[in-house]
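Peer 1: What follows is a structure written as structure tokens; I'll ask about it next.
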Amino acid sequence: MKNNILLLSTIVFLVSFSSIFFYLNKDIIKFKQKVTELGYIYPFEEETQFVDVKIQKSTLIINLSLNDSFAEHDVLKQYLLLEYFSYELSHVLLNNKVKDSIQISDIKIFGKANSNKYKLIRTSHNQTSFFDSESLFFVNNKQTYSSTLLIKELEQYERMMILSDEEKKILQYGKNMYNTLTLNGSYYYPKKDHAIVSELILNKCNITKDELKQIYWKDLYNTITN
């Protein structure tokens with residue numbers, strides 16, 4: 001009798017553990033898929049060939065296969081591109097179920113273009129503060145930028161980066177469409193949803209793709225510096 005109870009308890013435990021592992025693994029797969037899709041939206045679609053995602057303990061590791069054109073940008077733009085990618089990563093992480101199962105405190109992005117190696121590290125002690133955390137950027141293992149240094153250098157561009165009232169309305173319209181489409185980020189699929197929202201903005205606001213890109217860059221600048 002005791003052996004039967006022990007056997008039954010073991011079976012129940014294994015079934016429960018398997019169910020938990022299945023759903024956790026399912027959440028991780030979905031999360032990785034969404035992160036991979038970031039490589040197919042602006043501005044990364046013009047810079048990346050492949051995105052590989054790994055989770056090691058509390059660290060999210062991204063390996064980017066970069067186009068040769070990435071190496072032709074100046075160091076500041078290279079940093080901005082990877083910094084923007086880290087912001088998008090943080091956004092996906094904060095709106096995904098995987099955050100309830102895995103505590104991510106570090107984001108490391110590695111990339112290679114031609115013979116140059118790039119690395120961006122963003123560390124946070126709290127998932128909700130990723131956007132306030134310090135980031136460090138390395139080119140060929142030499143630190144070239146940080147969030148603090150970037151803010152100081154970009155002060156000279158501040159007037160050029162001020163969003164007009166019309167541009168703010170365009171961004172707000174895009175955010176409203178994004179929230180409606182993804183239920184406030186809960187069901188966000190970057191490749192598909194970014195294209196839909198961009199097309200809605202272009203049709204509604206009667207602007208070109210290049211004009212929309214400029215608005216996105218201004219918004220990125222204001223996000224980083226404020």
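The values are calculated or read from the model by the stated rules, or taken from the named source; none is laboratory data. Given the structure is predicted, the values throughout are model-derived calculations rather than measurements. Using ideal geometry, Cβ is built from the backbone for each residue, glycine included, and neighbour counts are taken over all protein chains shown. The protein model used for the area step is the full one, side chains on, heavy atoms only, and it has no ligands, DNA or RNA in it. Shrake-Rupley method; radii C 1.70, N 1.55, O 1.52, S 1.80 Å.
Peer 1: Can we say Glu45 is over 22 Å from Ser133 (Cα atoms) and either among the basic types (Lys, Arg) or modelled with pLDDT of 80 or more (or both)?
Peer 2: Numbers: over 22 Å from Ser133 (Cα atoms): yes; either among the basic types (Lys, Arg) or modelled with pLDDT of 80 or more (or both): yes.
Spelling it out, Glu45 is indeed over 22 Å from Ser133 (Cα atoms) and either among the basic types (Lys, Arg) or modelled with pLDDT of 80 or more (or both).
Peer 1: If I filter the range 22-34 for residues that are within 22 Å of Lys213 (Cα to Cα), modelled with pLDDT of 80 or more and touching a helix residue (DSSP H, G or I) at 6+ places or on another chain (Cβ under 6 Å), do I get at least one hit?
Peer 2: yes
Peer 1: Cβ-Cβ below 7 Å, separation at least six or inter-chain, first residue in the range 166-177 and without any contact (Cβ under 8 Å) to a residue 60 or more places away in the chain, second among the basic types (Lys, Arg) and in a helix (DSSP H, G or I): which pairs?
Peer 2: Matching pairs, first to second residue: Glu167/Lys218; Tyr173/Lys204.
Peer 1: So in the range 169-226, with the set limited to residues that are within 25 Å of Glu153 (Cβ to Cβ) and of a type in the set (Val, Ile, Thr), which one is most open to solvent (accessible area, probe 1.4 Å)?
Peer 2: The selected residue is Thr223.
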